[in-house]
1. Given R₀ = 22 Å, what would the calculated FRET efficiency be for ALA211 paired with GLN110, taking r from the Cβ atoms and rounding to 0.05?
2. Taking every pair of alpha-carbon atoms in the stretch 140-182, what share in percent sits in each 5 Å bin, from 0 to the bin with the longest distance?
3. Pop out the ³J(HN,Hα) list for the stretch 185-191 in order, Karplus 6.51 cos²θ - 1.76 cosθ + 1.60 with θ = phi - 60°, rounded to Hz; leave Gly and Pro as x.
4. Quickly estimate the mean residue ellipticity at 222 nm for the chain, helices only: each DSSP H run with n ≥ 4 gives -39500 (n - 2.57), and the total goes over all residues, rounded to 500.
5. By how many degrees, 0 to 90 and rounded to 10, does the Cα axis of helix 169-181 deviate from the longest principal axis of the chain?
6. Averaging over all projection directions, find the projected area of the Cα convex hull of the stretch 116-189 and quote it in nm² with one decimal place.
7. How much net charge surrounds GLU159 when only the other residues with a Cβ under 9 Å from the Cβ of GLU159 are counted, with Lys and Arg +1 and Asp and Glu -1?
8. Please list, in order along the stretch 193-201, the HN-Hα scalar couplings obtained from phi with the Karplus expression 6.51 cos²θ - 1.76 cosθ + 1.60 (θ = phi - 60°), rounded to whole Hz, x for Gly and Pro.
Amino acid sequence: MTMPTTETGTQWWRDSAPELGYWAIDRHLAGFADWDAVLASGRAELARALPFLCPGRERTCLDLGCGVGRLTFPLAELFGSVIAVDVSPAFLALARSHAAGKNISFRLLQGSELSPTVIEPLDVVFSYEVFHYLSDSTLRRYLLDARRLMRAGGELVFEANTQPARRGSEVKREIRRCLNVAGVRRFRGTPTHSGFATVHRSEADYLRIMAECGFSGACLTPEAGQQTWFHATPA
Ligand SMILES: C[S@@+](CC[C@H](N)C(=O)[O-])C[C@H]1O[C@@H](n2cnc3c(N)ncnc32)[C@H](O)[C@@H]1O
């Protein structure tokens, strides 16, 4: 069986994920209808990264794969300015509708590189729940661009799923594909579309890719899991 490419994934996030509503961003948001609850969940997720972040009114933070801005708005309270990028025009439109007067610039990415969408020097490159949806080549391109744009003293802080592939996952993928063809859009808490596929990378894989892209980093969480945090600085 051929593996779905993450370029398919990028296309799904861009074109179809927003139809699922906030739930597409995080299944725990399934029951949330209101914006305040979405922001509260973003604040709670960001709280885990606070010990690793160096905020500052003179610092610029990039939120890579910002979605509807769940963590972008809390980030904007910590930094002088935030540039928030995503591939989904619908997510960005929703984020922008809440952004009047805020120190945030929401921008549409084509989906495989930061330039020319982001050209400013950056102090922090932040990403939450995005990198495990990216192919190796896209992840590398983003990290190389981030390294190039990063100011001295800059830092890369991100979270990604590092859970190993489970036994039987090929069979489960095929079941989900059939369900999707039959019109079932979600099953057991996740979308059935092949574009939702996660790329399995271990902590060591992320550290290696970061090093190859010019970052010296560390994994901040003790074991592989759904939420593994990383911190890196230019090597
Ligand atoms: C699970 S959501 C996380 C959104 C946000 N960080 C949050 O936690 O609320 C994954 C996000 O990655 C974005 N994404 C998918 N492929 C991408 C790509 N190639 N480049 C940038 N963002 C991408 C999706 O549009 C989506 O907003």
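Each reported figure results from applying straightforward, stated rules to the coordinates on display, with no laboratory input. Predicted model, so just to flag it, every value in this text is computed and none were measured. Neighbour counts run over all protein chains shown; Cβ positions are idealised from the backbone, glycine included.
1. That gives a FRET efficiency of 0.25.
2. Values per bin, smallest distances first: 5, 15, 13, 12, 10, 10, 12, 10, 8, 4, 0.
3. Per-residue couplings from phi come out as 8, 9, 8, 6, x, 9, x Hz.
4. -9000 deg cm²/dmol
5. 80
6. Average of the hull's projected areas for the stretch 116-189 equals 7.1 nm².
7. -1
8. These are the phi-based 3J(HN,Hα) values: 5, 5, x, 7, 4, 9, 8, 7, 9 Hz.
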